[in-house]
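Peer 1: Take this structure, written in structure tokens, and hold onto it; I'll ask about it next.
No lab work stands behind these numbers, since they all come straight from the coordinates. Remember, it's a predicted structure, so these values are computed and weren't measured experimentally. Please note: Cβ atoms are built from the backbone with ideal geometry, for glycine as well, and neighbour counts cover all protein chains shown.
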Amino acid sequence: MVRLDLLGRTGNLLHKSLDAESLRFKVRADNFANVNTPGYKRQDVEFETFLAAELDKKSGQMELRKTHTRHLDGKATGSSPRVVTDNASTMRYDGNNVDMEQEMVALTETAVRYQVLAEQLTRQIRQLRTAISERVG
């Protein structure tokens, strides 16, 4: 299958960032939903390591191919967003460590970041559409 990368590296990063923020929103909503669940530990999404790894990649970098099951896959650690659990803190005697106010702030921050990323991706698509229509017209 041939994949056309019309939006380039920036568009690809924006798309991956939207996916990560969507995952982060789901995880934080789960935290909020489990605020009264005894023993529940809050979770978050580690995305900054992933983003830094993506930004460090050189365009045109050759990817490694595994030819044997014991070979390393050549992928950097932190190559994708991952869900992490906060086992270090406890807010209440029942073992739950979800702070409702903190989760509401986090949900709001995530929604704002998602909106900004969506607007940037929309702008990229609009620029591509303009370039295509001027070229055709």
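Peer 1: Using 7 Å Cα-to-Cβ label points, what is the Ala52/Met100 separation (nm, one decimal)?
Peer 2: Placing both labels 7 Å beyond Cα along the Cβ direction yields 3.6 nm.
Peer 1: Check cross-link reach from Lys26 to the aspartates and glutamates: straight Cα distance under 15 Å, and skip same-chain residues fewer than eight apart.
Peer 2: Excluding near neighbours in sequence, the set is Asp44, Glu46, Glu103, Glu109.
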